[in-house]
Amino acid sequence: MNESERLFEISRRIFPGGVNSPVRYYQPFPIFIRSGSGPIIRDEDGGEYIDYCLGFGPHILGHSFQPIVDAISSQAREIISPGTVNRAEQELGVMILDAVNEEQIRFASSGTEATMHAVRLARGVTGRKLIVKMEGGYHGAHDYSLIKSGSGNLTFGVPSSEGIPPEVSSTVIPVNFNDAASLEAVFRTKGNEIAGVITEPVMGNTGVIPPESGFLERIRELCDSHGSLLIFDEVITGFRFHYGSFQQIAGVRADLTTYGKIIGGGLPVGAIAGPQNLMRNLSPAGRVYQAGTFSGNPLTMRAGTVALEALRKESYEKIDLLADYLLSSMVDVIRQAGFTVTGNRVGSMFQLFFNASIVKNYTDAMKSDPGTYMKIFRSMLKEGVYLAPGQFETNFVSFSHSRNDADKTIEGLVNAVGKIGEDRGKRK
Ligand SMILES: Cc1ncc(COP(=O)(O)O)c(C=O)c1O
């Protein structure tokens with residue numbers, strides 16, 4: 001029994017399912033990570049892995065990026081979380097607002113909080129009840145997100161969670177991503193009751209799915225013509241493809257936008273941004289309540305500021321090209337080994353779908369074979385590569401990954417698929 005296995009026996013007794021967030025679990029037991037630097041994470045047994053999960057997205061600069069470590073250490077010596085207004089929150093707030101061209105921002109401590117409060121704000125402002133979301137879209141683990149949700153909700157085969165009363169779930173209408181007709185049908189019948197549409201502009205919790213040309217524009221038009229608000233959940237996509245939001249690239253502006261992950265430099269964070277006429281409805285300026293003990297804490301704010309300062313100087317083309325090279329090589333290796341696979345990529349986000357067809361929405365993604373993905377995931381662990389631990393998660397390339405890391409990953413994949421092929425041969 002190795003150290004991870006031994007530790008997981010202990011975790012099983014302490015935590016439900018042995019984990020503190022479901023997607024961290026995989027069979028037979030998850031490896032315990034002890035340290036990391038740049039693209040590398042190290043486990044409790046001395047194993048090293050090139051990491052493409054990157055903490056599910058925040059570490060776009062790599063693990064324990066030195067300027068962030070320094071900023072956290074020096075801020076911790078000053079104060080950690082006074083629960084008061086502070087300069088550090090102003091600094092990060094202004095940086096984000098300038099970059100994404102918004103008027104106001106409210107910080108929270110997770111993406112879940114940000115989207116939950118954005119939904120409340122949309123309802124409060126419009127005085128309407130219904131929220132439209134995408135099938136397979138994930139906006140955190142609150143009641144209004146867990147309706148036909150993505151991420152662990154798909155991996156663990158729970159279409160939506162128990163414990164959500166029908167009075168709540170009946171206020172959320174799922175539609176198909178990249179399917180304007182399904183959205184138009186909902187607006188035709190319920191248009192004047194819809195408070196808002198919430199969507200990830202690039203789906204990142206059903207694997208990676210790019211928006212088709214015209215789809216985001218169509219959501220915008222339908223919201224405009226029915227007085228509904230458009231909420232883009234940019235918790236994954238914010239500062240991922242350039243120094244700003246995805247909507248700036250797409251040319252479609254949301255009314256409210258949620259952020260998280262990257263903007264906290266690796267510490268817990270969330271945020272809602274938008275124009276003053278909407279944002280001023282948040283308490284204490286307005287009558288929509290939103291709060292958090294740790295919101296805007298200087299530790300996170302400093303980490304986020306330093307991360308954004310570094311990102312402002314980076315050329316994102318570098319990670320896009322590396323992800324392109326990596327994914328196309330991985331797809332070639334897997335196909336040559338006789339598997340059917342489709343690769344989806346947007347910038348530095350990518351995923352492999354064990355699926356014959358093009359994946360443009362949840363229905364297509366569900367045709368994939370998560371079993372084969374997990375076989376590859378586990379074999380890659382033995383090769384020293386940590387992929388996202390689920391077919392419906394996203395792999396990320398960070399600025400710390402090099403061409404050499406990509407080449408080692410591809411070499412590892414050749415061995416991994418070879419071994420899976422041998423096993424298949426033996427079983428026949
Ligand atoms: C698009 C999106 N929104 C919201 C969330 C929730 O963020 P958090 O896990 O910080 O609560 C996630 C988490 O993965 C996400 O991917």
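Please state, as a whole number in µm²/s, the translational diffusion coefficient that the Stokes-Einstein equation yields for the chain at 10 °C and 1.306 mPa s, with Rh defined as the Kirkwood radius across alpha carbon pairs. Using the Kirkwood radius from Cα pairs, D works out to 72 µm²/s.
Computed from backbone phi, the HN-Hα couplings of segment 258-273 come to 9, 10, x, 6, 4, 5, x, x, x, 9, x, 7, x, 7, 10, 10 Hz, rounded to whole numbers (Karplus: 6.51 cos²θ - 1.76 cosθ + 1.60, θ = phi - 60°; Gly and Pro given as x). When all protein chains stay in place and ligands, DNA and RNA are ignored, the 1.4 Å accessible-area order of Thr199, Thr372, largest first, is Thr372, Thr199.
Charge tally around Arg128: other residues with Cβ under 14 Å, Lys/Arg +1 each, Asp/Glu -1 each, net +2. Here the label points at Thr363 and Leu97, each 7 Å from Cα along the C-beta direction, are separated by 4.4 nm in the simple model.
One decimal place: the segment Ser81-Ala285 gains 71.1 nm when fully extended, by the rule 0.36 nm per residue minus the C-alpha distance.
For segment 190-229, backbone nitrogen atoms closer than 19 Å to the point 7 Å from Ser328 Cα along Cα-to-C-beta are found at 210. Could you tell me how many degrees, from 0 to 90 and to the nearest 10, lie between the Cα long axis of helix 111-126 and the main elongation axis, the longest principal axis, of the Cα atoms of the chain? The angle comes out near 30 degrees.
Residue order by solvent-accessible surface for Ser161, Ser64 is Ser64, Ser161, largest first, with ligands and nucleic acids left out and a 1.4 Å probe.
Calculate, for segment 66-312, the solvent-accessible area per residue in square angstrom, rolling a 1.4 angstrom probe over the heavy atoms of the protein chains. Mind dumping the intermediate values first?
Values: 9700 Å² over 247 residues.
Heavy-atom accessible area per residue stands at 39 Å².
A dipole drawn for the chain from +1 and -1 charges on Cβ atoms has a positive end, and of Gly264, Gly38, Ile164 the residue lying farthest that way is Ile164.
First select every other residue whose beta carbon is under 15 angstrom from the beta carbon of Ala356; then total the charges, Lys and Arg +1, Asp and Glu -1.
Working: positive: Arg335, Lys360, Lys367; negative: Asp364, Asp369.
Value of the local net charge: +1.
Projected label points at Ser170 and Thr189, each 7 Å from Cα along the beta carbon direction, are separated by 1.4 nanometres. Projecting the Cα atoms of Leu146, Thr126, Gly136 onto the charge dipole of segment 66-312 (Cβ charges, centred on the Cα centre) puts Thr126 farthest toward the positive pole. Here the extension length gained between Glu221 and Lys318 equals 31.5 nm, from 0.36 nm per residue of separation less the Cα-Cα distance. For the chain, modelled as a GNM whose springs connect Cα atoms under 10 angstrom apart, the maximal fluctuation among Thr84, Thr257, Thr342 occurs at Thr84. For Val208, nonlocal amide neighbours, meaning residues 5 or more places apart or on other chains whose placed amide H falls under 5 Å from its own, are Gln351.
Relative to the Cα centre, the charge distribution of the chain, modelled as +1 at Lys and Arg Cβ and -1 at Asp and Glu Cβ, gives a dipole magnitude of about 640 debye.
Given 0.36 nm per residue, what is the gain on full extension from Ile10 to Glu422 after removing their alpha carbon distance, in nm?
On the way: separation 412, 0.36 × 412 = 148.32 nm, distance 3.43 nm.
Length gained between Ile10 and Glu422: 144.9 nm.
The values are calculated or read from the model by the stated rules, or taken from the named source; none is laboratory data. Just so it is clear, the model here is predicted, and its values are computed rather than measured. Don't worry about glycine lacking a Cβ; one is built from the backbone with ideal geometry, like all the others, and counts go over all protein chains shown. In case anyone asks, the SASA skips ligands and DNA or RNA and just uses the protein heavy atoms, side chains included. Shrake-Rupley method; radii C 1.70, N 1.55, O 1.52, S 1.80 Å.
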